[in-house]
Amino acid sequence: MGTFFWWTDEHRKLAAGVKEFVDELMPRAEEASWKKEFPRDIADSIASKGYFGVGVAKEYGGMGLGVTGTCIVNEEIGRMPALGPGIFASAMLGGVHQVKEFGTEEQKTRFLARVAKGELGAIALTEPFVGTDAAGIETTARRDGDRYVISGKKRFVTGAGTASRYMLYARTSDEPEDIRRKRHLTGFIVEKGMPGFTVEKINELIGLDNIHNGYLNLDEVPVSVNNRIGDEGQGWQIMMSGLNYERLICASLAVGGFRELIRSVVSYGQRRIQFGQPTINISTNQFKIADMLTELKLAKLSTYYAAHLMDLGQSAVVEASISKLYGADMLMYASVEAAQVMGGDGVTKFYPLDRIMREAKTAQIAGGTSEAMKLLIYRMGLKEMADELKMPRRVIHEELGVPMPAAAAPAKQTRIDDDKLLKALAEDYRVNPGLYMSREDLKEYFDVSDEELDRVLVSLEEKKLVKLYRRRGIIELAKATYEGLNKANPSEYYRWFPSWVRKEDVF
Ligand SMILES: Cc1cc2nc3c(=O)[nH]c(=O)nc-3n(C[C@H](O)[C@H](O)[C@H](O)COP(=O)(O)OP(=O)(O)OC[C@H]3O[C@@H](n4cnc5c(N)ncnc54)[C@H](O)[C@@H]3O)c2cc1C
């Protein structure tokens, strides 16, 4: 297992130990996968090594090796058939992060110690009618004295039935203002054995061969207020934080799967002779393997960089989402390519490619789909880079007559009227002939209030001299209309031709 220079000695030792441990467990993991047996014995072995509690603080019985340590364990476990996703969901995810970050001291002592000892947990977020749009959760939790009564259905829960502890999200308010401000959800730990809490159905998935994934039914389940994680209404915040952590774990599992994939395809190609030479010597196969190595290196670097940021106390939302998106998508792509390199054997079930390919598909969906990752990366990434992404102010160069970055900020006008604003919009037509001006662009020229700016913009709009773009009723962009351009300047003002254009060829 490659290591990184920023890892501590404990991380390195952990990596070496868990690799050896997983190598020894591999035959049993393969067997359990073929037999479709839930491998509780393997989960017990992992627990006996203390790996379930790798990220749990030492004071609660864990190893205290943080997010990096958690990724190290998951990367190795991710090499094993189906177990990786199953165990990660159970052990690392069943509310561990949520309890660590939002739980009371009493909850940390109660739950984290159980995790460290190997208790299996699960996340119960998704519902029959609620997937990517997680804010729409329909399961309700009604306060009744010192307990909540929870009713509803959950689905796609990894560990359904085999887990003892379920980090579950339910709706505690239907007030439009709470919904708008995402204060309508609350997080709970629901436990196996609570009255009215049953497993409804177990899915047959294309991946995760021997891991339970299924539906839960909650029929008026009484849950003590002591099992509420965080405050009432804090569920969305807790969910987002938990998902962020989960995504990084998913990314580390994909890295483990990638390593097994490359091992399989390379060792195969070194031993398969066609046209008098090993098939790995064929350049098209080498190119595919070079791509796989590139993807593995980048996926691993991205994962441990994000883990390090989290260990430093940063949320690393964009980095964790990129790691998950890239790891899952590249593993899916590479597993299809790897099957091609191995020819017919690549599509038998006698090599690991089959299950890696199937699990890669589930990895693109579980923990948030690749599309959901892109939405997050787009929104949060743009926010993070907002300063760098500001459009440079450009002006028409006096001599050349073409747009150039402005050397200095314009002298701001403190008074605004129809003519001044129209002139600014018309001037912008010369610089960016196909673009509207944003509110921020206009405010570089006018030191006036939003209300004042809106008043003049609307007045110009009513005169059909300006066209406005509004979002949710708020003016965001403006441009001069054809009539507006003509009112601001004579048409000659907008003309410009390169010096090589002959006068007689333009009119
Ligand atoms: C193997 C596996 C394990 C899982 N484990 C758990 C678990 O332990 N606990 C749990 O709570 N859930 C679990 N899930 C559920 C998983 O989180 C959801 O399947 C996932 O969030 C997508 O929801 P959905 O399946 O309802 O798809 P939908 O939300 O119905 O989406 C369908 C398609 O539309 C796309 N889409 C949806 N909205 C948008 C949008 N706004 N923009 C662009 N594209 C969009 C999606 O990307 C997807 O391609 C698991 C799922 C799988 C497959």
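Regarding Gln413, is this residue within 30 Å of Leu485 (Cα to Cα) and either surrounded by 13 or more Cβ atoms within 10 Å (Cβ to Cβ) or away from the ligand (no atom under 16 Å from the Cβ) (or both)? Yes, satisfied.
Test Asp144 against the criterion of being in the same structural domain as Lys192 (by TED's automatic domain parsing) and within 25 Å of Gly196 (Cβ to Cβ), and give yes or no. In short, yes. Taken together, Tyr305, Tyr351 contain a single residue that is in the same structural domain as Gln274 (by TED's automatic domain parsing), touching a Phe, Trp or Tyr at 6+ places or on another chain (Cβ under 9 Å) and not in a helix (DSSP H, G or I), which is Tyr351. Filtered by the rule that a residue be away from the ligand (no atom under 14 Å from the Cβ) and in a loop (DSSP other than H, G, I, E, B), the stretch 155-184 gives Ser164, Thr172, Ser173, Asp174, Glu175, Arg181, Lys182, Arg183, His184. Filtering the stretch 118-133 to residues that are more than 6 Å from the ligand (Cβ to nearest atom), over 15 Å from Thr369 (Cβ atoms) and not in a loop (DSSP other than H, G, I, E, B) leaves Gly121, Glu127. Within the stretch 104-116, can one find any residue that is modelled with pLDDT of 95 or more, surrounded by fewer than 24 Cβ atoms within 10 Å (Cβ to Cβ) and either among the polar types (S, T, N, Q) or within 11 Å of the ligand (Cβ to nearest atom) (or both)? Yes, the conditions are met somewhere in the stretch 104-116. Taking Tyr215 as the residue in question, decide whether it is within 11 Å of the ligand (Cβ to nearest atom), touching a Lys or Arg at 6+ places or on another chain (Cβ under 8 Å) and at negative phi. For Tyr215, the condition - within 11 Å of the ligand (Cβ to nearest atom), touching a Lys or Arg at 6+ places or on another chain (Cβ under 8 Å) and at negative phi - is met. Scan the stretch 191-214 for residues that are under 29 Å from Ala254 (Cα atoms) and either outside any strand (DSSP E or B) or modelled with pLDDT of 95 or more (or both) and the total you get is 14.
Pairs meeting the criteria (first residue in the stretch 367-380 and in a loop (DSSP other than H, G, I, E, B), second residue within 6 Å of the ligand (Cβ to nearest atom), beta carbons under 8 Å, at least 6 apart or on different chains) are Gly368/Thr132; Thr369/Thr132. On the given criteria, is Lys479 in a helix (DSSP H, G or I) and surrounded by 15 or more Cβ atoms within 10 Å (Cβ to Cβ)? No; evaluated as a whole, the condition is false for this residue. Taking the stretch 308-339 as the range and being more than 12 Å from the chain's Cα centre (by Cα), within 23 Å of Lys100 (Cβ to Cβ) and assigned to a helix (DSSP H, G or I) as the test, the residues that pass are His308, Leu309, Met310, Asp311.
If the condition is being aliphatic (A, V, I, L, M) and crowded, with 18+ Cβ neighbours inside 10 Å, then the stretch 190-217 contributes Val190, Leu205, Leu208, Ile211, Leu216. Filtering Gly233, Gly152, Gly187 for residues that are modelled with pLDDT of 95 or more, outside any helix (DSSP H, G or I) and surrounded by fewer than 21 Cβ atoms within 10 Å (Cβ to Cβ) leaves a single hit, Gly233.
The values are calculated or read from the model by the stated rules, or taken from the named source; none is laboratory data. Everything quoted here is computed from the prediction, not taken from an experiment. Cβ: placed from backbone, ideal geometry, glycine included. Neighbour counts: every protein chain shown.
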